[in-house]
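Report on the following structure.
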Amino acid sequence: RNLGKDDGVFFGAGIGLTETIGASAAWNGDNVTLGTAFRPRTLDNVSIAVALEDAFDEDGIQRLSFSVSWFGRDIFRR
């Protein structure tokens, strides 16, 4: 809460819309973050995500986060 100055809670939920697309929403005690993730069918080990933080510009710190994740299978030979 209070932009990181006070203790608070975080609530979030996500749902798979299709086999390759998901959506999420979260509340951190101050503002809402809305996001989506996409997994290209041709790249099994890649995920691309975009999130709009402070989605409703409640705190004047609205920003867009973008991430690309790559993961390996059996990387630890388990």
Which of (1) over 11 Å from the mean Cα position of the chain (by Cα); (2) at pLDDT 95 or above does residue 4 not meet, given it meets every other one? (2)
Quickly run through region 43-78 and pick out the residues that are basic (Lys, Arg) and either in contact (Cβ under 8 Å) with a residue 12 or more places away in the chain or within 21 Å of residue 24 (Cβ to Cβ) (or both). 63, 73
Go through region 12-48 and count every residue that is aliphatic (A, V, I, L, M), over 22 Å from residue 1 (Cα atoms) and open to solvent by less than 60 Å² (accessible area, probe 1.4 Å). 4
On the given criteria, is residue 51 surrounded by 11 or more Cβ atoms within 10 Å (Cβ to Cβ), at pLDDT 90 or above and part of a loop (DSSP other than H, G, I, E, B)? no
Taking the residues in region 54-74 that are assigned to a loop (DSSP other than H, G, I, E, B) and among the aromatic types (Phe, Trp, Tyr) as candidates, determine which candidate is least open to solvent (accessible area, probe 1.4 Å). 71
State whether the residues of region 33-46 include one that is farther than 30 Å from residue 73 by Cβ, modelled with pLDDT of 95 or more and out of contact with any Gly (no Cβ under 8 Å at 6 or more places or on another chain). yes
For residue 3, the lone unmet condition from (1) hydrophobic (A, V, I, L, M, F, W, C); (2) in contact (Cβ under 8 Å) with a residue 24 or more places away in the chain; (3) touching an Asp or Glu at 6+ places or on another chain (Cβ under 9 Å); (4) not in a loop (DSSP other than H, G, I, E, B) is (4)
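The values are calculated or read from the model by the stated rules, or taken from the named source; none is laboratory data. Note that the structure is a prediction, hence the values are computed from the model and not measured. Because the Cβ atoms are built from the backbone with ideal geometry, glycine has one as well, and the counts that use them run over all protein chains shown. To get the accessible areas, we keep the full protein, side chains included, count just its heavy atoms, and leave off ligands, DNA and RNA. Shrake-Rupley method; radii C 1.70, N 1.55, O 1.52, S 1.80 Å.
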